[in-house]
1. State all residues of the stretch 96-129 that are in contact with a strand residue (DSSP E or B) (Cβ under 7 Å, 6 or more places away or on another chain), charged (D, E, K, R) and either modelled with pLDDT under 95 or surrounded by fewer than 20 Cβ atoms within 10 Å (Cβ to Cβ) (or both); if no residue qualifies, say none.
2. Would you check which residues across the stretch 8-49 are of a type in the set (A, V, I, L, M) and in contact with a Leu (Cβ under 9 Å, 6 or more places away or on another chain) and list them?
3. Where residues in the stretch 160-181 are hydroxyl-bearing (Ser, Thr, Tyr) and part of a loop (DSSP other than H, G, I, E, B), which of them is surrounded by the fewest Cβ atoms within 10 Å (Cβ to Cβ)?
4. Considering only the stretch 199-216, how many residues are in a loop (DSSP other than H, G, I, E, B) and crowded, with 19+ Cβ neighbours inside 10 Å?
5. Can residue 163 be described as within 23 Å of residue 21 (Cα to Cα) and either at pLDDT below 95 or in contact with a strand residue (DSSP E or B) (Cβ under 6 Å, 6 or more places away or on another chain) (or both)?
6. Can you pull out the residues in the stretch 21-73 that are modelled with pLDDT under 95, outside any loop (DSSP other than H, G, I, E, B) and among the aliphatic types (A, V, I, L, M)?
7. Among the numbered criteria (1) under 16 Å from the mean Cα position of the chain (by Cα); (2) within 28 Å of residue 108 (Cβ to Cβ); (3) without any contact (Cβ under 8 Å) to a residue 24 or more places away in the chain, which one does residue 139 miss?
Amino acid sequence: MAVQPNRTARSLSAVLKKHRSDFHPVVPFHPQRDRLYPFDFTERNTALSPDEIADTERFAGYINRTLQQHGARYGIGGYGEHRTLYARSKHFDQPAGSESTSSGEAEPRRLHLGVDIWGPAGTPVMSPLDGIVHSYAFNNNDSDYGTTIILTHNLDGSSFHSLYGHLSLNSIKNLYEGKNISKGEVIAEFGMRFENGNWPSHLHFQLIEDMQGWKGDYPGVCRFSERQQWLDNCPDPNLVLQMEQTG
């Protein structure tokens, strides 16, 4: 079933905005020194084709060349982005629920619910605030998250979750549900393609208010026609990352 509209999304966003100065960086980043490149994977990007995205080596080459050309430490972007160029896997042709379009064909999932940070494998990932391990998994489908960790946080009485996808397998070694995580603690690292869902190395970072029974996984893309109800449950990760303002 599709996610139901989240009636408290605005209040959670307000809490995140209130605490904007309290979050620890999720990746090593120095605003005064490091440059970011804002990637666009919609049809506006005429330098990249669906065939190139479907070929991990070519896609990684594009990412790395672009970052080098612009002197950027990371590439970033994607929240609410309708990634029409993404047709690399049948995994995204499967709905998160059981509904189909009126034509009887499943509408592909292309609307991105998180922020991607593109950078080298091995880049450390840190928790933006105190929390506990909600769940984790190795989602080993082609173009899936690969290694995934989900944390639970509480801020001013508001409970929510942060999801970290495309990690290294080493990131979940000796991990357990309920483990206490401290603000700024290194919890993971960017994975290589064999462990991150067969992607160029990057982090998928997503905020989720209601996990709706999911464990070790939660949809990172949705159907365009259902975008508002999913976005309502997945507030803008930039409220925590606060990297976009220096891009």
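1. Selection gives 107, 109, 110.
2. Here is the first cut: in the stretch 8-49, the ones of a type in the set (A, V, I, L, M) are 9, 12, 14-16, 26-27, 36, 47-48.
Once the filter is applied, which keeps residues that are of a type in the set (A, V, I, L, M) and in contact with a Leu (Cβ under 9 Å, 6 or more places away or on another chain), the stretch 8-49 yields 9, 12, 15, 16, 26, 27, 48.
3. Looking at the filtered set, the residue picked out is 176.
4. Selection size over the stretch 199-216: 4.
5. Yes.
6. If the condition is that a residue be modelled with pLDDT under 95, outside any loop (DSSP other than H, G, I, E, B) and among the aliphatic types (A, V, I, L, M), then 53, 54 are the ones that fit.
7. Among (1) under 16 Å from the mean Cα position of the chain (by Cα); (2) within 28 Å of residue 108 (Cβ to Cβ); (3) without any contact (Cβ under 8 Å) to a residue 24 or more places away in the chain, the lone unmet condition for residue 139 is (3).
The values are calculated or read from the model by the stated rules, or taken from the named source; none is laboratory data. Bear in mind that the values here come from a model prediction, so they are computed numbers and not experimental data. Every residue, glycine as well, gets a Cβ built from its backbone with ideal geometry; the counts of neighbours run over all protein chains shown.
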